[in-house]
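First the structure, in the form of structure tokens, and then the observations on it.
A short reminder: the numbers here are calculations on the coordinates, not readings from a lab. These numbers come from a predicted model, not from an experiment. Cβ placement follows ideal geometry from the backbone for every residue including glycine, while neighbour counts extend to all protein chains displayed.
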Amino acid sequence: MTKKILVENINDSLKNCKELEQGNILFFEKIPFEFPQDEIQFLLQQRQSGSKSRKNIACKPQIDKLTNHIAANEEEAKQMHAILKAYSSRVTQFLQTLLSPYSSKWKLDYASFRPYQEMGRKLRTRARNDLLHVDSFPTRPMHGGRILRFFTNINPKEPRKWITSEPFQDLIKKYGGKPGLPFPHGVDYSFQGRMLHKTKEWLKSIGFKIPMRSPYDRFMLNMHNYLKENEAFQKGCPKSHWEFPPNSCWAVFTDQVSHAAISGQYALEQTIFIPRDALLYPEESPVSILERITGKCMVSV
Ligand SMILES: [Fe+2]
């Protein structure tokens, strides 16, 4: 089961990476980098629409764009964008020390601000954060890479509360290959399979929004949905409860550690993709486990 590891030495990057790859949470009692109070105050004062079904405010580095922010005026929109970009850059710089073995190969994904109270949030089942799941992104396939997330609770009073359950390597043994979570067939190297792949690549190159999902991505998306929709699992699985107090930070591989955010408001988060060949133990990554169990190749090589 997952452990919460208080990080004592940020320079011991091999140990830090090892803890993460073993399915543990790296924890910091205080924000371990500069975060100006005026930026925190700005974030805490954001009043988004009353609808709790709205998505988190996201800063997308590849297109330098902010999404889902309801700003009172252009100045406020610019300030929100600048603060999220600054957060992203400070986290990235910090992680370059904390997790240096990954940094030459990782790919920066979204930074987000989560201004909504998680408890009682009205979302459709597959979008709910308070149901245990492993992460998988429908629009950003990983092709065997890992989803690393770094969180910061900027709420001045309230902790962010999480539950975790069994890790991917145990969940796949229990539920993989059963009705509702069949194992994928592996990469289709037949003539038709290759033609279909080329056609999708071409459509994507001319502007169609086609997620190029590998068999691994399809399985992970299925597992995400299967776990959230499985009431027996949600009720009966073993659970660990965690509290992340005000001004604390934590990092975890969310594609491996099944997790749910059950309460808390005002958190920031940075996602980073870690390719399989950057890991210390690539053979223990979810894609390698899936390939070993099925005996099939799950990502195009
Ligand atoms: Fe998640």
Self-check item: Sites A232 and T139, calculated FRET efficiency, Cβ-Cβ separation with R0 35 Å, nearest 0.05
Solution: 0.75
Exercise. At 0.36 nm per residue, minus the direct Cα-Cα distance, what do E201 and S300 gain on full extension? Give it in nm, one decimal, please.
Key: 34.3 nm
Quiz item: Which entries in the list K85/K209; K15/K107; K173/K204; K65/K235 go over 32 Å, if you measure between the two C-alpha atoms of each?
Solution: K173/K204; K65/K235
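Could you tell me what a quarter of the Cα convex hull surface of the range 65-123 works out to, in nm² with one decimal place? Write out the running numbers ahead of the final one.
Working: hull surface 23.3 nm².
Result: 5.8 nm².
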Quiz item: Roughly what % of Cα-Cα distances in the range 162-266 sit above 21 Å, to the whole percent?
Solution: 52 percent
Exercise. Could you tell me, in Å, what Rg and Dmax come out for the Cα atoms of the range 93-244?
Key: 18.4, 59
Quiz item: Local charge sum around M1 (other residues, Cβ-Cβ under 15 Å, Lys/Arg +1, Asp/Glu -1)?
Solution: +2
Quiz prompt | the range 151-287: relative contact order as a whole-number percent, Cα under 8 Å and 6+ apart | solution = 56 percent
Quiz prompt | Residue-averaged [θ]222 nm for the chain, counting only DSSP H segments that reach four residues, each worth -39500 (n - 2.57) | solution = -10000 deg cm²/dmol
Quiz item: What nm value, rounded to one decimal, do you get for the distance between K178 and R124 when each label is placed 7 Å out toward the C-beta?
Solution: 2.6 nm
Quiz prompt | Local electrostatic count, E21, Cβ distance below 12 Å [Lys/Arg +1, Asp/Glu -1] | solution = 0
Quiz item: Taking the Cα atoms only, what angle lies between the long axis of helix 191-205 and the longest principal axis of the chain, rounded to 10 degrees?
Solution: 30 degrees
Self-check item: Karplus 3J(HN,Hα) series, Hz, for the range 166-175 with 6.51 cos²θ - 1.76 cosθ + 1.60 (x for Gly, Pro)
Solution: 5, x, 3, 4, 8, 4, 5, 5, 6, 10
Quiz item: Under a plain spin-label model, where a point goes 7 Å from the Cα along Cα-to-Cβ, how far apart in nm are S190 and K15?
Solution: 5.3 nm
Quiz item: For the range 148-188, what value does the Rg/Rh ratio take when both radii are computed over Cα atoms and Rh is the Kirkwood radius, given to two decimals?
Solution: 1.23
Practice problem: Give, in nm to one decimal, the length gained when the segment between S240 and E158 is fully stretched (0.36 nm per residue of separation minus the Cα-Cα distance). | Solution: 27.6 nm
Self-check item: Among beta bridges that DSSP assigns inside the chain, antiparallel share in %, nearest 5
Solution: 95 percent
Self-check item: Relative compactness, the range 1-115, computed as alpha-carbon Rg over 2.2 N^0.38 Å
Solution: 1.22
Self-check item: FRET efficiency estimate (nearest 0.05) - Cβ-Cβ, R218 to I63, R0 35 angstrom
Solution: 0.85
Self-check item: Local electrostatic count at R160 - Lys and Arg +1, Asp and Glu -1, tallied over other residues with Cβ under 10 Å
Solution: -1
Quiz prompt | Listed pairs K178/K228; K55/K105; K122/K178 exceeding 22 Å between Cα atoms | solution = K55/K105; K122/K178
Exercise. Would you please give the FRET efficiency between Q46 and K85, computed as 1/(1 + (r/R0)^6) with r the Cβ-Cβ distance and R0 = 22 Å, to the nearest 0.05?
Key: 0.85
Exercise. Note down the relative contact order for the chain as a percent, whole number, built from C-alpha pairs under 8 angstrom at least six residues apart.
Key: 33 percent
Exercise. Return, for the Cα atoms of the chain, the radius of gyration and Dmax in Å, separated by a comma.
Key: 19.3, 59
